[in-house]
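Novice: Pasting a structure below so you can have a look.
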Amino acid sequence: MISQDRILHDGMLHVFLFGTGGPMNNDTRVASSIGIIAGGEFILVDIGPGSYRNLDLMRLPAEHLSAVFLTHFHSDHIGDLGEANMLSWVNGRDKPLEVYGPKGVKQVVEGFEKAYELDTGYRIAHHGKEVLNREHSKMINRMILMEDPTEKVLCFDKNGLKVYAFEVDHTPVAPAVGYRIEFEGNCLVITGDTVKTENLVKHSRGADILFSEAISYTMINNLMAGAAKMNLKRFAKILKDIQNYHMEPIAAAQLAKEAQVKKLVIVHITPPLPNEKLEKLYLKGVEDIFKGEVILAQDRMKFKLEPNKEVGKNGFKKITK
Ligand SMILES: [Zn+2]
Ligand SMILES: [Zn+2]
């Protein structure tokens, strides 16, 4: 079992995968969410439905949650925002929760606050205001303004943990962003949902770990053909539509190669992959393109990176999984 206080201040950059699936529900991978703990800060990038449960089951210190960064407002990225806010407050969070996101974040945050307003009242009435301070139950929306679509924006800088947002292309969902996160000489990039763009390559450059979304069009196409054959028109149409605003696994590999990242972790895995044979089909061609390590993410996977003060001297760095 991880000692919670120790990991908050052990000088490492910790990454936890709470949700590695896409919008198609399945038992093994819930919707998008990645947690990062470094320098005493605990932040989340996206908080899709079912992901808060994994945070809880990984015994992480929810009361230290400082901020949530949303990439965009599709339901598979925001569904557990209310749970994350409510339960981290009940656990002992002693400040409001900051929620960052592109234009639209205010509406999303205020909507969740409204939906949970009655429950907030019940909890205070039941446990007392000495235990549950209403001020701390709040969320603060922080809109990220992308003035120049080609430049990254520093939106969080606390205790050595820096979070930059950059624009991605998930049209018609706009604006949508990815995040570049830096701590003690290490760098993580989380693509959010997007097609491969020059801007994405630019801002992924040199990442120690690239967490890239991917959808297998080959597999989705087969499902679509089956759905059309069975006259499931609605399902077939949705399966067709989702293919114009994501990356295939080989596009994620191309991104990793061009951006010269050290490790590629594929997330937002769609369709669900219940066995090794389908995993092989999903990843076909990836290793021919990107020669670094490729990991097909699973829920509750974790990574930790030691401070990288050696970079520039001999390039040595230890990464443990
Ligand atoms: Zn999306
Ligand atoms: Zn998505």
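The values are calculated or read from the model by the stated rules, or taken from the named source; none is laboratory data. Quantities reported herein were computed from a predicted structural model and do not represent experimental measurements. Glycine gets a Cβ as well: all are built from the backbone with ideal geometry, and neighbour counts include every protein chain shown. Side chains included, ligands, DNA and RNA excluded: accessible areas come from the protein's heavy atoms. Shrake-Rupley method; radii C 1.70, N 1.55, O 1.52, S 1.80 Å.
Novice: Can you give me the number of residues within region 217-253 that are in contact with a strand residue (DSSP E or B) (Cβ under 7 Å, 6 or more places away or on another chain), open to solvent by less than 10 Å² (accessible area, probe 1.4 Å) and within 16 Å of ligand 1 (Cβ to nearest atom)?
Specialist: 2
Novice: Restricting to region 215-268, count the residues that are closer than 23 Å to Lys304 by Cα and not in a helix (DSSP H, G or I).
Specialist: Of the residues in region 215-268, 10 are closer than 23 Å to Lys304 by Cα and not in a helix (DSSP H, G or I).
Novice: Kindly indicate which of Leu65, Leu70, Leu97 is in contact with a strand residue (DSSP E or B) (Cβ under 8 Å, 6 or more places away or on another chain), within 16 Å of ligand 1 (Cβ to nearest atom) and open to solvent by less than 10 Å² (accessible area, probe 1.4 Å). Quick ask: steps written out before the conclusion?
Specialist: Working: Leu65 fails: within 16 Å of ligand 1 (Cβ to nearest atom); Leu97 fails: within 16 Å of ligand 1 (Cβ to nearest atom).
Step by step, each of Leu65, Leu70, Leu97 is checked, and only Leu70 is in contact with a strand residue (DSSP E or B) (Cβ under 8 Å, 6 or more places away or on another chain), within 16 Å of ligand 1 (Cβ to nearest atom) and open to solvent by less than 10 Å² (accessible area, probe 1.4 Å).
Novice: If you check Leu278 against the conditions, is it closer than 22 Å to Ser32 by Cα, more than 16 Å from ligand 1 (Cβ to nearest atom) and not in a helix (DSSP H, G or I)? Break it down stepwise before answering.
Specialist: Details: closer than 22 Å to Ser32 by Cα: yes; more than 16 Å from ligand 1 (Cβ to nearest atom): yes; not in a helix (DSSP H, G or I): no.
Criteria not met by Leu278.
Novice: Another question, if that's okay. With among the small types (Gly, Ala, Ser), at pLDDT 95 or above and in contact with a Leu (Cβ under 7 Å, 6 or more places away or on another chain) as the only criterion, which of Ser75, Ser137, Ser88 stands out? Please lay out each step first, then the result.
Specialist: On the way: Ser75 fails: in contact with a Leu (Cβ under 7 Å, 6 or more places away or on another chain); Ser137 fails: in contact with a Leu (Cβ under 7 Å, 6 or more places away or on another chain).
Unique residue meeting the criteria: Ser88.
Novice: Could you list, in sequence order, the residues of region 147-203 that are hydroxyl-bearing (Ser, Thr, Tyr) and surrounded by 20 or more Cβ atoms within 10 Å (Cβ to Cβ)?
Specialist: Scanning region 147-203 gives Tyr164, Tyr179, Thr191, Thr194.
Novice: Here's something else I'd like to know. Please name all residue pairs, on different chains or six or more residues apart, with Cβ atoms under 7 Å, provided the first residue is in region 76-93 and is within 16 Å of ligand 2 (Cβ to nearest atom) and open to solvent by less than 20 Å² (accessible area, probe 1.4 Å) and the second residue is of a type in the set (Asp, Glu) and part of a loop (DSSP other than H, G, I, E, B).
Specialist: His77/Asp46
Residue-wise test of (1) more than 16 Å from ligand 1 (Cβ to nearest atom); (2) under 16 Å from the mean Cα position of the chain (by Cα).
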{"residue": "Val163", "(1), (2)": "yes, yes"}
{"residue": "His170", "(1), (2)": "no, yes"}
{"residue": "Pro175", "(1), (2)": "no, no"}
{"residue": "Cys187", "(1), (2)": "yes, yes"}
{"residue": "Ile190", "(1), (2)": "no, yes"}
{"residue": "Leu200", "(1), (2)": "no, yes"}
{"residue": "Ser204", "(1), (2)": "yes, yes"}
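Novice: Considering every residue within region 7-19, establish whether at least one is open to solvent by 30 Å² or more (accessible area, probe 1.4 Å) and either part of a helix (DSSP H, G or I) or within 16 Å of ligand 1 (Cβ to nearest atom) (or both).
Specialist: no
Novice: Can you name every residue in region 169-190 that is touching a residue at least 60 places away in the same chain (Cβ under 8 Å) and either closer than 22 Å to Lys158 by Cα or in contact with a Lys or Arg (Cβ under 7 Å, 6 or more places away or on another chain) (or both)?
Specialist: Matches in region 169-190: Pro175, Val177, Gly178, Tyr179, Ile181, Phe183, Glu184, Gly185, Asn186, Leu188, Val189, Ile190.
Novice: Of all residues being assigned to a helix (DSSP H, G or I) and of a type in the set (Phe, Trp, Tyr) in region 110-141, which is surrounded by the fewest Cβ atoms within 10 Å (Cβ to Cβ)? Just the residue, please.
Specialist: Filtering region 110-141 for residues assigned to a helix (DSSP H, G or I) gives 110-115, 117-127, 134-137.
Those left that are additionally of a type in the set (Phe, Trp, Tyr): 112, 122.
Numbers: Phe112: 21, Tyr122: 10.
Only one residue tops the list, namely Tyr122.
Novice: Name the single residue, out of those in region 233-272 being of a type in the set (A, V, I, L, M) and modelled with pLDDT under 95, that is nearest to the chain's Cα centre (by Cα). Step through it out loud before you land on a result.
Specialist: The first filter runs over region 233-272 and keeps only residues of a type in the set (A, V, I, L, M), leaving 236, 238-239, 242, 247, 250-253, 255-256, 259, 261, 264-267, 269.
From what's left, modelled with pLDDT under 95: 236, 238-239, 242.
On the way: Ala236: 28, Ile238: 23, Leu239: 23, Ile242: 19 Å.
Among residues in region 233-272 that are of a type in the set (A, V, I, L, M) and modelled with pLDDT under 95, the one nearest to the chain's Cα centre (by Cα) is Ile242.
Novice: Take the residues in region 281-305 that are of a type in the set (A, V, I, L, M) and part of a strand (DSSP E or B); name whichever of them is farthest from Gly192 (Cα to Cα). Show your work before the answer.
Specialist: To start, the set of residues in region 281-305 that are of a type in the set (A, V, I, L, M) comprises 281, 283, 286, 289, 294-297, 301, 305.
Add one more test, that the residue is part of a strand (DSSP E or B), and what stays is 294-296, 305.
Working: Val294: 18, Ile295: 17, Leu296: 16, Leu305: 21 Å.
Here the residue is Leu305.
Novice: Does Ser66 fit the bill of being part of a helix (DSSP H, G or I), among the polar types (S, T, N, Q) and away from ligand 2 (no atom under 16 Å from the Cβ)?
Specialist: Details: part of a helix (DSSP H, G or I): no; among the polar types (S, T, N, Q): yes; away from ligand 2 (no atom under 16 Å from the Cβ): yes.
No: the conditions fail for Ser66.
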